[in-house]
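First up is the structure itself, then whatever we jot down about it.
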Amino acid sequence: MASKWMANEGLPVIAHFEVCHRNYLAPDGSINRPLPVFAADANLLVALYRTMVLLRLFDRKAVALQRTGRLGTYAVSLGQEAVSVGIASAMREEDVLLPSYRDNGALIWRGVKLEEILLFWGGDERGNNFSGPVHDFPFCVPVGSQAPHAAGVAYAFKLRREPRVAVCLFGDGATSKGDVYEAMNFAGIHKLPVVFVAANNQWAISVPLRLQTGAETLAQKAIAAGFTGEQVDGNDVVAVCAAAEEAIAAARDGQGPRFIEAVSYRLGDHTTSDDASRYRSPEEVQAHWKEEPIARLRAYLASQNMWGKTDEEQLAADCHERIEAAVERYLKIASRRPETMFDHLYADLPESYAAQRRELAGGDDA
Amino acid sequence: MPEVTLVEAINLALGRAMEDDASVVVLGEDVGVNGGVFRATVGLQKRFGSERVLDTPLAELLISGLCVGMAVQGLRPVGEIQFMGFLYPCLDQLVNHASRLRNRTQGRLTCPMVLRAPHGAGIRAPEHHSESTEAMLTHIPGLRVVIASSPERAYGLLLAAIRDPDPVVFLEPTRMYRTVKGEVEDNGDALPLDLAFVVREGRDITLISWGAALKETMAAADALTVDGISAEVIDLATLKPYDENTVLRSVAKTGRCVIVHEAARTGGFGAEIAATIAERGLSSLLAPVTRVTGYDTVVPMARLEQHYMPSVERIVTAARKACQFG
């Protein structure tokens, strides 16, 4: 746009950028454009659907546990289940996941047990010693600070010529941090096998996206780092999967990093300690319920005769059983002895701290 | 054995570590072609290539965060921060990730990384180049904080830091980089971490220091002999975890202690040592434990920095006072 401050007539344009938006499934489950090849695999779509439903029901149970004092602060994925589940579905076992605290869906897809997730949110570090891939990172709590780790992990892959990819998930708020830019900048320089994913759920606690960035999209932030940023409809799991598959394949193929902005909406509170009604209207939330990812995929599956009422009933029963069994196991896990808080501080506990450990164990060092 | 400067000893240790272990990677600003602003990494990129001796963008947070990711993936990264005053963006990574990853994953993931930085004043540098805020680092559980004060100890301790399975911040006394020389055999022998070095035996008073302040502390010990005072000097070397036993053993022998550090007094690491002696060594004390430190001010720029740093005179005065107490 020309203005009196931009006397650009006749000046050559030396750079030109575009940001694409990807969507296949409309909110009513109808198709906007030909689906990617993998979407012909009914088993995959059903598996995605099942995991998203499991995540939603698990979240509901976790909140109930928190409200009754049996779980600590918990962050639900309500409304954005398609993002972390969809991204994780495109990863291989040997790839490395670097999740934020709202990525239970990715952990569940990668084989982390429900009781392990509960154990973490229940205030026990053993929940991070989980049974997913042994090299995956635990939830990152300081927003965006895992992005440089992802670049470091990807650098190690490149150095060792390993065909593996680091996949780093964070929220829209994280894109305001230097950490994320520094990591993307470095990844761009070295064409590292890393995929950065911003789950843009529109709200960083109470701060809306328009107060988070003046940019039209988050995806364009990749352009400054020298690689492609793409926006996908984060409520369309097919679009999330397709973007993730392409990005991960390109990264594995040595083509360097990609950035995916998955536009979704946080239908719930930020965490169980938050009350979103303080800062946004019920009308706004209600409007976004019409776009949510689970009903959308169900409508598509039903339209293709891949899913029916009995499937839905069976799934609900399966999830209920699985979640209740996990909760039962979680509640039975006894706390560690106090002195074990020292056990993984260092590879070998230095003598001066060993005395503190003995003190906690009831020794005579007190 | 060849005589080398402290910074040459650092360079020898880095080269040895990279030679011995293909997973050791050196990264930082200007560490490649330029060999580092103090030349600590000189020649390494030629020997080991630009993939293992890596010039990073100008981003300190990134350097520390990359180290975390690399270390978790089995590399042994050694990051360089050009001056301690530029280390603060790394604190988030050190506190929230490097130092606690082992603990928060109960040993599933570990973080064997080293972050190196020059330490202290006395080189007439601009602002933010003269910091000695090591006490801040010693407050971080799960971290190791090591500072060398001779070429021999720089070589041996840096090798130990790189081989250590946990994260280490390795501080290098800037004004000693080229002013001290020592015989260093590049034989790959590491020195033990977590142990203090008794660098001079004595019977009347214990002087404890680390980093460049050890130079004035040793000179003070020499000067005290004129008064007939025999001072024992301890180089603490590893500040976290620090070797309480060597300190307590020495104070039990001498009955007196002066702690010397360049860092500001309040909350400085000297306070920690004094508290340990008060708790566990009080009965052997013949005089109060005192500190000779930098002042509770911003490190002054070149014109006044000499007045900030503990001088031989200040140390001698404090030691005499302790010996005359009571």
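The values are calculated or read from the model by the stated rules, or taken from the named source; none is laboratory data. Every value quoted in this text rests on a predicted model; they were computed, and no experiment measured them. Note that we place each Cβ from the backbone using ideal geometry, even for glycine, and neighbour counts take in every protein chain shown. Only protein heavy atoms, including side chains, enter the accessible area calculation; ligands, DNA and RNA are left aside. Shrake-Rupley method; radii C 1.70, N 1.55, O 1.52, S 1.80 Å.
Table for the structure above
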item: Meets criteria (at pLDDT 95 or above, within 29 Å of A:F186 (Cβ to Cβ) and over 12 Å from the mean Cα position of the chain (by Cα)) for A:P99; result: no
item: Whichever residue in segment A:138-155 is of a type in the set (A, V, I, L, M, F, W, C) and within 7 Å of chain B (Cβ to nearest Cβ) and, among such residues, is farthest from B:L62 (Cα to Cα); result: A:V153
item: Answer residue from segment B:267-296, given it is over 21 Å from B:E313 (Cα atoms) and among the β-branched types (V, I, T) and is nearest to the chain's Cα centre (by Cα) among those; result: B:I273
item: Qualifying residue in segment A:176-192 (condition: within 11 Å of chain B (Cβ to nearest Cβ), surrounded by 22 or more Cβ atoms within 10 Å (Cβ to Cβ) and among the charged types (D, E, K, R)); result: yes
item: Residues satisfying the stated conditions in segment A:296-334, i.e. outside any helix (DSSP H, G or I) and either within 14 Å of chain B (Cβ to nearest Cβ) or of a type in the set (K, R) (or both); result: A:I333
item: Subset of segment A:87-102 (residues that are open to solvent by 10 Å² or more (accessible area, probe 1.4 Å) and not polar (S, T, N, Q)); result: A:A90, A:M91, A:R92, A:E93, A:E94, A:Y101, A:R102
item: Those residues of segment A:122-149 which are in contact (Cβ under 8 Å) with a residue 40 or more places away in the chain, closer than 16 Å to A:G171 by Cα and open to solvent by 10 Å² or more (accessible area, probe 1.4 Å), in sequence order; result: A:V141, A:V143
item: Residues being surrounded by fewer than 16 Cβ atoms within 10 Å (Cβ to Cβ) and of a type in the set (S, T, N, Q) - total across segment B:290-310; result: 2
item: Residue count for segment B:165-216, restricted to those that are open to solvent by less than 40 Å² (accessible area, probe 1.4 Å), over 30 Å from B:S230 (Cβ atoms) and under 16 Å from the mean Cα position of the chain (by Cα); result: 7
item: From the options A:G152, A:G105, residue that is farther than 17 Å from A:V76 by Cα and either open to solvent by less than 20 Å² (accessible area, probe 1.4 Å) or among the hydrophobic types (A, V, I, L, M, F, W, C) (or both); result: A:G152
item: Verdict on A:D172 being acidic (D, E), under 21 Å from A:Y265 (Cα atoms) and touching a residue at least 40 places away in the same chain (Cβ under 8 Å); result: yes
item: Qualifying residue in segment A:221-239 (condition: touching a helix residue (DSSP H, G or I) at 6+ places or on another chain (Cβ under 9 Å), open to solvent by 40 Å² or more (accessible area, probe 1.4 Å), in a helix (DSSP H, G or I) and within 14 Å of chain B (Cβ to nearest Cβ)); result: yes
item: Some residue of segment B:68-79 being surrounded by fewer than 20 Cβ atoms within 10 Å (Cβ to Cβ), at pLDDT 95 or above, within 14 Å of chain A (Cβ to nearest Cβ) and under 22 Å from A:D136 (Cα atoms); result: yes
item: Matching residues, segment B:265-282, being outside any helix (DSSP H, G or I), in contact with a strand residue (DSSP E or B) (Cβ under 7 Å, 6 or more places away or on another chain) and either touching a residue at least 40 places away in the same chain (Cβ under 8 Å) or surrounded by 19 or more Cβ atoms within 10 Å (Cβ to Cβ) (or both); result: B:G268
item: Failed criterion for A:E81 (all others in (1) touching a Lys or Arg at 6+ places or on another chain (Cβ under 7 Å); (2) under 21 Å from B:R108 (Cα atoms); (3) crowded, with 24+ Cβ neighbours inside 10 Å hold); result: (2)
item: Subset of segment B:43-57 (residues that are in a loop (DSSP other than H, G, I, E, B) and either buried (at least 18 other Cβ atoms within 10 Å of the Cβ) or of a type in the set (D, E) (or both)); result: B:E51, B:R52, B:T56
item: Qualifying residues in segment B:83-126 (those that are within 11 Å of chain A (Cβ to nearest Cβ) and basic (K, R)) - the one nearest to B:S149 (Cα to Cα); result: B:R100
item: Selection count, segment A:57-78, where residues are closer than 24 Å to A:A244 by Cβ, touching a Leu at 6+ places or on another chain (Cβ under 8 Å) and open to solvent by less than 30 Å² (accessible area, probe 1.4 Å); result: 3
item: Test for A:A299: is it in contact with a Gly (Cβ under 9 Å, 6 or more places away or on another chain), aliphatic (A, V, I, L, M), surrounded by fewer than 20 Cβ atoms within 10 Å (Cβ to Cβ) and over 20 Å from A:V232 (Cβ atoms); result: no
item: Matching residues, segment B:220-242, being among the aliphatic types (A, V, I, L, M) and within 14 Å of another protein chain (Cβ to nearest Cβ); result: B:L236, B:A237, B:L239
item: The one condition in (1) small (G, A, S); (2) at positive phi; (3) crowded, with 22+ Cβ neighbours inside 10 Å that B:A13 fails to fulfil; result: (2)
item: Within segment A:111-133, tally of residues that are at pLDDT below 95 and either in contact with a Cys (Cβ under 7 Å, 6 or more places away or on another chain) or outside any loop (DSSP other than H, G, I, E, B) (or both); result: 0
item: Selection within segment B:7-62 - in contact (Cβ under 8 Å) with a residue 40 or more places away in the chain, within 14 Å of another protein chain (Cβ to nearest Cβ) and under 26 Å from A:G178 (Cβ atoms); result: B:V25, B:V26, B:L27, B:G28, B:E29
item: Any hit, segment A:2-12, residues being touching a residue at least 60 places away in the same chain (Cβ under 8 Å) and either among the aromatic types (F, W, Y) or crowded, with 16+ Cβ neighbours inside 10 Å (or both); result: no
item: Set A:G362, A:G256: member being open to solvent by 60 Å² or more (accessible area, probe 1.4 Å) and not in a helix (DSSP H, G or I); result: A:G362
